[in-house]
Amino acid sequence: MSKQSENSNSQTEHSEDTKCTACNDTGLIIEKKEQKQPNGKVVLKDLGRPCHCVQKRALKKAFKNSLIPDEFKNARFDNYETNSDAQETLFNAIKEYLKDFPEIIKGESEQNSLGFIAAFGETRIRSLQGEAKYQAKADHNNFGLGKTHLQMAAAKWILNRIRVRDDIEMNVKSNADFLDTKSKFDRGCQVLCVSDITFMDDLTSAKMAGDGGGTFKNLLHNAINVDVLVWDDLGKAKYSESKEGLYYQIINERYLHKRPIIFSSNEDKGTLSEKIGYAASSRLLGMCGDRLYAVEGEDYRMRGGVQL
Ligand SMILES: Nc1ncnc2c1ncn2[C@@H]1O[C@H](COP(=O)(O)OP(=O)(O)OP(=O)(O)O)[C@@H](O)[C@H]1O
Ligand SMILES: [Mg+2]
Ligand SMILES: [Zn+2]
């Protein structure tokens, strides 16, 4: 099975070499339509409209481009258990967020993001010694709560259901009569899932790469401009001044253009600021507003006391 179809659910699964009989793989359906001329005469004209297969192919591509990790291909809402308070909080948070999402994606609201953070950050626990450290670890676990599971389920939900309308008219180079130029460009919502350590490493090495900065600019451009950025383990990468600059650049641009970020972190409000910088974190937390959830509870990986 290809990576694309693994990522998609049954609703969106297609075989790789499906031929479209409706449009013969041209992507366009041509129909005769009556059109009124300026002199009042009605004539029959060939009009083209996009075939349904265009959308299907776009969805497949979007799943591939979203970079949802393979190990979360089965992460869905219907297989997320809600037995503990933390699980219930996370599940309801994402459910409420997605309920509002069709409005959020229109880009009018400043509070458009969602964050799952720790009540007692990883860095804070690490800074403790001996018994205090042991106790804090036991009392304030933020690992294995299913944050990534829900983020990836949300990414898939958005890819499958949300369409956005760009405010530009179709750019038609050919015969103007041929295509319906008035239809605005309607497309699937783009989602990009990044994991903090890998993403920051990729950015850092791309910055050093001898390709004139092309790869670096590309990575940065995608993170800044994609409709929805899903950022897993934010603040996990080792701190550096240069990373602080990158966090700021991405978050500030998304903040200015009102583009949502769905993130999770093992840090708390305070330690997250130390890891990504205050300027970035104040914008990000502002983008979340009430949709910032500090959670702790039992690690799903350790349920029953056995590490799976
Ligand atoms: N409530 C749950 N119901 C079903 N599966 C769960 C639940 N919570 C976690 N899992 C599964 O347990 C594993 C760990 O969960 P996940 O990686 O989402 O946790 P996390 O909160 O992101 O942890 P970390 O902070 O360590 O990254 C995943 O395979 C996930 O699918
Ligand atoms: Mg995780
Ligand atoms: Zn077709």
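Taking the chain as a Gaussian network of alpha-carbon nodes connected by springs under 10 Å, the highest mean-square fluctuation of the residues 78, 202, 100 belongs to 78. If the limit is 26 Å between Cα atoms, which of 99/147; 133/269; 61/269 go over it? Violating the 26 Å Cα-Cα cut-off are 61/269.
Okay, helix-only estimate at 222 nm for the chain: each DSSP H run of n ≥ 4 adds -39500 (n - 2.57), divide by all residues, round to 500 deg cm²/dmol; what do you get? The partial results should precede the final answer.
Details: 11 runs with 130 residues, N = 308.
When only DSSP H runs of four or more count, the value is -13000 deg cm²/dmol.
Treating each Cα of the chain as one equal point scatterer and applying the Debye formula with no solvent, the log10 of I(q)/I(0) at q = 0.07, 0.14 Å⁻¹ comes out as -0.35, -1.13.
Given their separation in residues at 0.36 nm each and the Cα-Cα distance between them, residue 95 and residue 299 gain 71.3 nm when the chain is fully extended. Using the Stokes-Einstein relation with a Kirkwood hydrodynamic radius computed over Cα pairs, the translational diffusion coefficient of the stretch 58-98 at 10 °C and a viscosity of 1.306 mPa s comes to 132 µm²/s. Counting beta carbons within 10 Å around each of 45, 60, 99 and listing the fewest first gives the order 99, 45, 60. For the residue pairs 56/95; 156/236; 95/243; 207/258; 33/106, the alpha carbons lie more than 29 Å apart in 95/243; 33/106. Taking 129, 37, 151 in turn, the Gaussian network model of the chain (Cα-Cα springs below 10 Å) assigns the largest fluctuation to 37.
As a proxy for reagent exposure, ranking 208, 287 by other Cβ atoms within 10 Å from fewest up yields 208, 287.
Given a cut-off of 17 Å, what percent of all Cα-Cα pairs of the stretch 69-155 lie beyond it? Intermediate results must be reported in sequence, preceding the final value.
On the way: 2182 of 3741 pairs.
Counting pairs separated by more than 17 Å, the tail of P(r) holds 58 percent.
In this label model, residue 290 and residue 218 are separated by 4.3 nm, measuring between points 7 Å along each Cα→Cβ vector.
Here is the short version for the chain: 189, 193, 288 have no other Cys C-beta closer than 4.7 Å.
Run through all the Cα pairs of the stretch 225-294 and give the fraction in each 5 Å bin from 0, expressed as whole percent. For the stretch 225-294, the pair-distance distribution reads 4, 17, 31, 30, 14, 3. As a proxy for reagent exposure, 268, 201 were ordered by neighbouring Cβ count within 10 angstrom, fewest first; the result is 201, 268. Mean-square fluctuations from a GNM of the chain, with a 10 angstrom spring cutoff on Cα atoms, peak among 198, 148, 271 at 198. Fully extending the segment from residue 61 to residue 187, taken as 0.36 nm per residue of separation minus the present Cα-Cα distance, adds 44.1 nm.
Since every read-out is calculated from the coordinates, none of them should be taken as a lab result. Remember, it's a predicted structure, so these values are computed and weren't measured experimentally. Positions of Cβ are backbone-derived with ideal geometry, glycine not excepted, and every protein chain shown enters the neighbour counts.
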